[in-house]
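Written out below as structure tokens is the structure these notes cover.
Derivation of every value follows stated rules applied to the coordinates shown; laboratory data play no part. As the structure is a computational prediction, the values presented were derived from the model and not from experiment. Every residue, glycine as well, gets a Cβ built from its backbone with ideal geometry; the counts of neighbours run over all protein chains shown.
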Amino acid sequence: MLTMNQYAKIYFTQYLSPLGKLYLAATDKGLLSIAPGKGSEMSFLIKLPIRHYDLMHSEKPFIPIKKQLDRYFKGQPVAFRFRADMSHGTAFQRSVWKKLAGLLPGQMVTYGMLAREIGRPKSARAVGRAVGANPLPVIIPCHRVIAAGGSLGGFAWGIKVKKKLLLTEGIHL
């Protein structure tokens, strides 16, 4: 039987961006998820990777990241600084996300390049799945990953959004 102290606290809020409404969630460990505001806030919260939680609507944990997002969407260079709660990804996913988080502003990579950088040169497809499972798009720049032939590849939020994010960063493909 679960007791109250076994529940994680999940803080959540909304952010209005040029892409539309974004939902944000965090735990005491750090930022947990960012998702487009399609559907209800409750449907976003239900999809979070934590099953036993207490919800707390709060702006406070998100003030620094919202300021960084404001700068980003104004086209200003920003190196996102944040704590992330990646405890729900696999070790492989976390290795891919860590490499993505280390990309310099405007830097593009292919799935194959990422696979080689994490020491798994034959895992480009698995890298693609890990990129697609990135819980913090925009902040961990999975939109900067393209196919080996130079095509945009995919993006969990859609190709139109991927193009908008790249244009925001001054990348024209």
- prompt: Could you give the radius of gyration (one decimal) and Dmax (whole number) of the Cα atoms in the range 98-173, in Å?
  reply: 11.3, 32
- request: Check the straight Cα-Cα distances from K9 and name the aspartates and glutamates below 20 Å, setting aside those fewer than 8 residues away within the same chain.
  value: D28, E41, D54, E59, D85
statement: Footprinting proxy, D85, D54: sorted fewest to most Cβ within 10 Å, the residues are D54, D85
statement: From DSSP H assignment alone, runs of 4+ in the chain each adding -39500 (n - 2.57), the sum over residues rounded to the nearest 500 puts [θ] at 222 nm at -9000 deg cm²/dmol
statement: Proxy exposure order for R81, R116 (fewest C-beta within 10 Å first) is R81, R116
query: Once the Cα gyration tensor of the chain is found, what semi-axes does its equivalent ellipsoid get, as square roots of 5 times the eigenvalues, in whole Å, sorted largest first?
result: 27, 20, 14
statement: Flagged as over-length at 23 Å C-alpha distance, from K29/K66; K21/K162; K38/K163; K74/K99; K60/K98, the pairs are K74/K99; K60/K98
task: Treat each spin label as a single point 7 Å out from the Cα along the C-beta direction, and report the K163 to K21 distance in nm.
output: 2.6
field: Estimated distance in nm for a label pair at R120 and F92, the labels positioned 7 Å out from Cα along Cα-to-Cβ
entry: 0.4
field: Ranking of I159, I118 by count of other Cβ atoms within 10 Å, fewest first
entry: I159, I118
field: Antiparallel %, DSSP beta bridges [both residues in the chain], to 5
entry: 60
statement: Averaged over all viewing directions, the convex hull of the alpha carbons in the range 4-73 casts a projected area in nm² of 4.7
